[in-house]
Amino acid sequence: MDLPESSVSRADEGRGPRRVGPVDREELVRVIEQSLYSLGYRRAATALEAESGVPLYPPEHDRLLLDVMAGRWDACAETVRSVAGVGDADRAVAEFLLWRGHYLELLGTGGDAGLRRAREVLRRRIAPLGVDRRCVHWLACAMVSCEGAVAPEAVVGWRIAVFLDLVEVLPPWFHVPSGRLEHLVESAVTKQVASCIYHNLPDEITLFQDHKCHEQHIPSKCAQILCGHNNEVWFVRFSNNGDYLASSSSDCTAIIWKVEKDDTLTKKHCLQGHQKPISFVAWSPNDRMLLTCGTGESLKLWNVATGECNLKFGGSVDYIISSCAWFPNSEKIVCASSKPGSSPNRIFTCDLEGRELEVWAGDRIPKVSDLAVTPDGRHLIFVSCNDIWIRELPKGREWRFREKQAISSLSLSGDGQSLIVNLNSQEIHLWKINEKSTVPEKFKGHKQEKFVIRSCFGGSNSLFIASGSEDSQVYIWKRFLETPIKVLHGHTMIVNCVSWNPARPHMLASASDDRTVRIWLACKTGSTCS
C-alpha cells in the first residue's frame with residue numbers, strides 16, 4: 001500500500017528513486033528499521049532513520065501513542081479519524097476500542113462520579129458507533145457487575161494493550177508489523193524451496209543465493225547391494241530411528257541389517273523359524289521389537305537386540321493374518337485376519353502376550369489386504385479391494401474413500417496426515433486423511449498389473465514418493481508432480497518394495513525378485529557425486 005502524503009516524512013529527492021523495482025523505497029527502509037530495532041541494533045536503526053530521512057513510524061502513530069498513554073481520549077479519536085486509508089467499519093471498531101478503554105477505566109475508579117461518567121461515555125460515544133449490540137450490552141452489564149473494570153494501578157498496562165489493539169485495525173503503514181522483514185525473507189525462501197524439485201537436504205538453504213538443488217540430492221547412486229537372501233525379497237523397511245533395515249523373503253527368513261555411521265549396512269541377525277515365505281515386517285515405534293508374518297502363518301515377535309523370537313501369536317489358528325501394525329506405545333498391535341473359504345473376517349488388537357483385547361468381526365468387516373495406525377494412534381486405516389477405510393479410535397466415526405481399481409498396498413506419511421495406495425491400474429493415489437478429501441493426487445509412470453508393489457513416502461518432510469515396479473526399476477516422484485523426477489536402474493527383476501530412511505533422507509532401499517536389496521544414496525552437503 002502506498003503511504004498517504006501526510007503520513008511519513010519524505011526523504012530528500014536526491015536520496016534516490018521512490019521505487020526500487022516493484023518495491024516502495026520508504027516501505028523497504030521502514031521494514032529494515034523495524035527489523036534492526038527488533039534484533040537489538042538500536043543505534044544502527046536510529047542512524048538509518050537519520051540518514052534516510054524516513055522515520056520508522058509516521059507522526060500520527062507517535063501522537064496516538066502519547067495521547068492513549070496520557071488518557072486524552074478525544075484527541076485519540078480525532079487522530080483515528082484523520083488516519084488515511086481506514087474504512088468506515090474499521091474506523092468504527094478503532095473508536096470503539098478507544099472508548100471501551102476509557103469506559104472500563106472509569107468503572108475501575110469506583111464511586112458515583114465514575115459511574116455517571118461511564119454511563120455518558122456508553123450513551124454518547126459507544127452506542128452511536130453501530131458496533132455489535134452484544135458488545136454494547138456486555139459493557140452495560142459491566143456497570144452492575146464491574147466485570148472488566150480496570151483498577152487504577154493497572155491503567156498503564158491497560159493503555160498499552162488498548163494501543164496495541166488499535167494498531168491491529170489501522171492500516172499496515174501505520175505500524176510496521178513485528179517481524180515483517182523476517183516474514184518476507186522466510187516466505188521467499190519457503191517458496192523457492194517448495195518450487196525446487198530436488199530439495200531433499202534441509203541444511204542446504206542459504207540467503208546468499210537463490211535456492212536450487214541438483215538431482216544428485218535424490219538417492220540415485222547404488223552404493224551397496226545386499227545379498228543375504230536365497231530367494232525373492234518381498235519386503236523391506238527401515239526402523240523408525242533409521243539405524244536398522246529389515247528385509248523379508250520368500251526364502252522364509254527375515255534379516256535385520258545395521259546402518260553404520262558411514263552409510264554402509266552390515267548383517268546383524270538372520271531371523272529363522274518361519275516355514276513359509278515372509279510377506280511383511282513391522283517395526284515397533286521404539287524399534288526394540290520386530291513383527292514378521294509368514295504367508296498363512298502366525299505372527300512372530302522378535303527381540304531386535306538379541307535376534308530371538310519372543311512370541312508366536314495370531315489369535316485363532318484357523319485364521320490367516322494378512323497385515324498388522326503397531327500402536328504408538330509399542331505395547332499393542334492390530335491385525336487383520338480372514339478364514340479361508342468362509343466368513344467372518346476379523347480385525348483385532350492384542351497385547352504383547354498375544355491376548356486379544358478388541359475384536360471387530362462379522363459380515364460388515366471386509367477382507368483386509370493392508371492396514372496402518374497413524375503415529376498419534378487416533379486413526380486406524382485399512383484397505384480392502386477398492387476401498388480405503390478410516391476409523392477414529394477409540395470407537396469413533398468411520399469413513400471411506402473408494403477407488404475404481406483394486407488396491408494392492410498402503411503407506412502412511414511420517415506425520416500421519418496423508419496416505420498413498422498402489423493400484424493395479426499402474427497409478428499411485430495420495431489421499432489426505434480427513435473426511436473432506438474427495439480427489440486424490442495421482443502419480444504415474446511405473447509398471448504394475450499383476451503383483452503387489454509397495455511404495456513409500458520419504459525425503460525431507462515426506463516431500464517425495466518412491467515405488468517399486470514390475471519393469472525392475474525404482475521410480476521417484478516429487479509430491480504434486482504426476483510424472484517421475486528420477487528412475488533408478490540396477491535391479492534385474494521386479495522391484496517389490498521400497499523404503500526411505502526416515503532419519504537419513506539421503507538413503508533409500510529397494511527389494512527385488514532378483515534376491516537382492518539395493519541401497520541408494522544421494523550426495524550429502526558439500527560433497528560431489530562422481
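Summing charges over neighbours of V259, with a neighbour being any other residue whose Cβ is under 13 Å away from its Cβ, gives +1 when K and R count +1 and D and E count -1.
Given a cut-off of under 8 Å on Cα pairs at least six residues apart, what relative contact order in percent is computed for the stretch 57-175?
On the way: 112 pairs, mean separation 42.7, N = 119.
The value is 36 percent.
Against the chain, whose longest principal axis is taken from its Cα atoms, helix 155-169 shows a tilt of about 70°. Taken as Cα centroids, the stretch 32-98 and the stretch 358-424 sit 55 Å apart, rounded to the nearest whole angstrom.
With contacts taken as Cα pairs under 8 Å at a separation of at least 6 residues, the chain carries a relative contact order of 10 percent. Where in the stretch 392-498 are there chymotrypsin sites (Phe, Trp or Tyr not before Pro) that are in a DSSP coil and have at most 12 other Cβ atoms within 10 angstrom of their Cβ? Sparse-neighbourhood loop chymotrypsin sites (Phe, Trp or Tyr not before Pro): F480. Loop-located chymotrypsin sites (Phe, Trp or Tyr not before Pro) across the stretch 198-235 with a Cβ neighbour count of 12 or fewer within 10 Å are F208, with loop assigned by DSSP. Please determine, in degrees from 0 to 90 and to the nearest 10, the orientation of helix 180-195 with respect to the longest principal axis defined by the Cα atoms of the chain, where the helix direction is its Cα long axis. Roughly 30 degrees, rounded to the nearest 10.
Taking the Cβ of A151 as the centre, find all other residues whose Cβ is under 14 Å away and add up their charges (Lys, Arg: +1; Asp, Glu: -1).
On the way: positive: R159; negative: E105, E147, E153.
With Lys, Arg at +1 and Asp, Glu at -1, the neighbours total -2.
Relative to the longest principal axis of the Cα atoms of the chain, helix 111-120 runs at roughly 80 degrees.
If you take every residue apart from L357 with its C-beta less than 10 Å away from the C-beta of L357, what net charge results, scoring Lys and Arg +1 and Asp and Glu -1? Please report the intermediate quantities before stating the final value.
On the way: positive: K332, R355; negative: D351, E356, E358.
Summing Lys/Arg as +1 and Asp/Glu as -1 gives -1.
Heavy-atom accessible surface of the chain, averaged per residue, reaches 48 Å², computed with a 1.4 Å probe. One compactness figure for the stretch 57-175 is 1.03, namely its Cα radius of gyration divided by 2.2 N^0.38 Å. Please give the Cα centre distance for the stretch 260-282 versus the stretch 285-303, rounded to the nearest Å. Answer, in whole Å: 11. Here the stretch 444-466 and the stretch 135-183 have alpha carbon centers that stand 53 Å from each other.
When the chain is fully extended, how far beyond the present Cα-Cα distance does C135 get from E182, taking 0.36 nm per residue of separation? Could the numbers behind the result be given before it?
On the way: separation 47, 0.36 × 47 = 16.92 nm, distance 3.60 nm.
Full extension from C135 to E182 adds 13.3 nm.
Structure shown: which of K261/K300; K332/K367; K332/K444 lie over 32 Å apart, alpha-carbon to alpha-carbon? All intermediate terms of the calculation are to be shown ahead of the outcome.
Details: K261/K300 29 Å; K332/K367 21 Å; K332/K444 36 Å.
Violating the 32 Å limit, Cα to Cα: K332/K444.
For the chain, leaving out every one of the GluC sites (Glu not before Pro) that falls in a DSSP loop and has at most 15 other Cβ atoms within 10 Å, the longest unbroken run is 6-146. In this simple spin-label model, placing a label point 7 Å from the Cα along the Cα-to-Cβ direction at both S82 and K212 gives a separation of 5.2 nm.
On the accessible surface of the chain, probed at 1.4 Å, how many percent belong to carbon and sulfur atoms? Summing carbon and sulfur atoms, their accessible area is 52 percent of the total for the chain.
What is the extension gain from C227 to D351, computed as 0.36 nm multiplied by their sequence separation minus the C-alpha to C-alpha distance, in nm to one decimal?
Working: separation 124, 0.36 × 124 = 44.64 nm, distance 3.45 nm.
Residue separation times 0.36 nm, minus the Cα-Cα distance, leaves 41.2 nm.
Given the alternatives [x] 229; [y] 149; [z] 242, volume of the Cα convex hull per residue in Å³ as computed for this entry is given by [x].
The values are calculated or read from the model by the stated rules, or taken from the named source; none is laboratory data. Being a predicted model, the structure only gives us computed values, none of them experimental. Neighbour counts are summed over all protein chains in view; Cβ atoms, including those assigned to glycine, are modelled from backbone coordinates with ideal geometry. Heads up: the accessible areas ignore ligands, DNA and RNA and are worked out on the full protein's heavy atoms, side chains in. Shrake-Rupley method; radii C 1.70, N 1.55, O 1.52, S 1.80 Å.
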